[in-house]
Amino acid sequence: MSKTAKIVIGLVLSLFLIIGGTVGYILSAKFTSENYEQAIYAQDEGMQNTWGQTENTLKMQGFTVKNYGKTFINSLRANAERYANDKNAMMKWVQEAKSQMSDKAYTKFMDTIEKVYAKKEARQLSKISVVQEYRTYLNASLKGIVAKTLFNYPTEKAKKIMDRIISTKQTKKTWISAEDTVEDPFK
């Protein structure tokens, strides 16, 4: 084989490798972006699942605590009626009844509330982490720039999810005004 033929074959192979590598790189940018988008969608769905589950958990625990209180009050009324004519027996019953009211139902409910909110926070932090990683990819990598330029990533659906942070009205007002006000959280 002549030297010229070898050079031509080398150039053609090099050209195919360059074109193939470029196409592969561009496709890789698209597929990487799509993987991030799917991860963000999954995070959002997971958050919705967590919010739904925690709401149901709180409702069920609340029903239990609410009914516990009613049951306890009804038993107090029944005993008060039973001892209405005997003040000494009623005072003895009141002293004995103090130890019957257990705070375990309320304590368990408060523990459940803490766990529910911790679960919500963890889900949202997980989503924020994935969004941060995706934004870094899009804005701080050549592949991300290719994905943004050629394929218009992130999609509108992903942008909405990326920008959505579950918060309170007061926190959102504070972020807009950049001023925090101290308020009684129980009023």
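Just the protein heavy atoms count here, and of the accessible area of the stretch 1-56 at 1.4 Å, carbon and sulfur take up 69 percent. Highest average first, the peptides 1-13, 122-134 ordered by how many other beta carbon atoms sit within 10 Å of their residues are 122-134, 1-13. Within the set LYS59/LYS115; LYS108/LYS169; LYS59/LYS159; LYS127/LYS159; LYS120/LYS169, which residue pairs have Cα atoms separated by over 21 Å? Distance filter (> 21 Å) returns LYS108/LYS169; LYS59/LYS159. In the stretch 116-187 the Cα-Cα distances spread across 5 Å bins starting at 0 as 3, 13, 16, 17, 16, 13, 10, 7, 3, 2, 0 percent of all pairs.
The values are calculated or read from the model by the stated rules, or taken from the named source; none is laboratory data. Because the structure is a prediction, the values reported are computed rather than measured. Here Cβ is always computed from backbone atoms with ideal geometry, including for glycine, and neighbour counts include all displayed protein chains. In case anyone asks, the SASA skips ligands and DNA or RNA and just uses the protein heavy atoms, side chains included. Shrake-Rupley method; radii C 1.70, N 1.55, O 1.52, S 1.80 Å.
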